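The block underneath contains the structure these notes are about, expressed in structure tokens.
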Amino acid sequence: MKKILAIFMVLVLSVGIAACSTETPPPADNPAPETPVETPVETPVETPADEPAEKATDVTLYFANEEYVQTGDESLEKLVGENRAIEVGDSTLEEAIVRELISGPESEGVRTVIPQTAKLLGVEVKDKTAFVDFAREGMNGGSLEETFTINQIVASLTELDTVDRVQFLIDGQVGDSLMGHYDISKPFEGPIGE
């Protein structure tokens, strides 16, 4: 009896193993469900293009009339306004304006007479006075360059509601002159000779 029971157990195990290893196709009217394929989800990477753009501010920048500079014809306008949208970035609007003046115009027939060697240290506004600070080094030029440097900056900054007058500084201090021709010890409320 033990022999029969042992044979019976071997048969049951054999059939069980064989049944587990054989795949039966699903019936034709009930197809096997498809295994869903997972698609990787991409995480968006922030790029500079995704960052919000700086908001541009519309300003009027004043540049020297090229024809006046060449001819000295007093019947001509000395300064010509150029409307421009500028981005402030990390500086103040007033400092951005002076930097744009140094860079020069986008229009034809006008130019900047501010020396390209000028080094702007900063612009700060207190009580509607813009303190425009230049390094002594690089502030070179004749009376024409000094006149237009002062006039371009004063005319452009006093267009703003935040500025009524401009005080020029040299290396952080009130100085005698930018280039040796005009007294800058007091603030300017308008361009020289206007």
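Of note:
- Once the chain from residue 85 to residue 116 is taken as fully extended at 0.36 nm per residue, the excess over their C-alpha distance is 9.0 nm.
- Net charge, residue 143 excluded, C-beta distance under 14 Å - Lys, Arg +1, Asp, Glu -1: -2
- Listed peptides 68-79, 95-106 appear in the order 95-106, 68-79 once ranked by packing, highest mean of other Cβ atoms within 10 Å at the front.
- Cα→Cβ-extended label distance, 7 Å offset, between residue 162 and residue 174, nm: 2.3
- Long-range amide H partners of residue 125 with built H, under 5 Å: 131
- Counting only DSSP beta bridges whose two residues both lie in the stretch 54-174, roughly 75 percent are antiparallel.
- Other residues lying with their Cβ under 12 Å from the Cβ of residue 186 contribute a combined charge of -2, Lys and Arg counting +1, Asp and Glu -1.
- One decimal place: the segment residue 71-residue 186 gains 38.3 nm when fully extended, by the rule 0.36 nm per residue minus the C-alpha distance.
All of the numbers you see were taken from the coordinates with simple rules; none came from a lab. Note that this is a predicted model, so its numbers are computed, not measured. No Cβ is skipped: glycine too gets one built from the backbone with ideal geometry, and neighbour counts run over all protein chains shown.
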